[in-house]
Amino acid sequence: MGLYTVLALALALSADAFSFSIGLGMTGVTKRQIMFLSLTVLVFHIVMPLGGYFVGGIFGSFLGRWANILGALVLVFLGLRMIWEGFSGKGDNFSKYVLSSGFGIVAMGATVSLDALSVGFTLGTQRVALGTAAAVIGIVAGIMTFIGLGFGQKLGEWIGNRAVIFGGLILIYIGVNLII
């Protein structure tokens with residue numbers, strides 16, 4: 001597997017992190033949260049393929065599907081909470097609460113990185129420098145998350161309160177597509 005193929009794989013894996021980040025960024029994020037979540041996604045996009053590579057086999061394919069379903073449900077739940085907050089105007093700003101805790105950021109980073117676990121199983125069957133591939137995947141995912149959060153932040157400022165509703169819809173869309 002050549003470098004261009006690994007880059008294409010990294011971009012494909014980063015697409016959901018990018019979309020997720022736009023939705024989350026629209027709720028209003030600080031520069032510190034942008035950096036921490038981007039680095040968290042970067043690390044998980046390195047760790048997940050490595051873990052998938054070493055777990056492998058039948059167990060890996062079973063875990064991969066259930067991990068995707070769990071990650072999707074978390075995104076749908078977060079999206080529904082954001083929509084409820086946007087319409088009610090009296091929500092507890094759940095998305096900001098999640099982003100304000102280290103555990104919440106790590107959970108979000110892990111959730112959006114679960115698809116990289118399955119890729120690790122595939123990397124084990126290919127001729128690829130595993131460390132290099134995992135590093136490229138992680139760096140691209142971190143950059144895409146950073147860009148998505150920044151873009152979402154600006155978009156959220158532009159469209160105001162409707163940003164939370166729109167961001168919630170994006171997260172639900174991504175979650176549903178992970179299940180399908």
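The values are calculated or read from the model by the stated rules, or taken from the named source; none is laboratory data. Predicted model only: the values in this text are computed from it and were never measured. Virtual Cβ from ideal backbone geometry, glycine too; neighbours counted across all protein chains shown.
Some points to look at:
- Region 161-177 residues that are modelled with pLDDT under 80 and surrounded by 24 or more Cβ atoms within 10 Å (Cβ to Cβ), paired with ones that are outside any helix (DSSP H, G or I) and not charged (D, E, K, R) (beta carbon under 8 Å, 6 or more apart): Val164/Met26; Val164/Thr27; Gly167/Met26; Gly167/Thr27
- Residue count, region 123-149 (criterion: farther than 12 Å from Val6 by Cα and at pLDDT below 75): 2
- Candidates in region 150-160 are the residues that are in a helix (DSSP H, G or I) and modelled with pLDDT under 80; of these, the one that is nearest to Gly25 (Cα to Cα) is Gly156.
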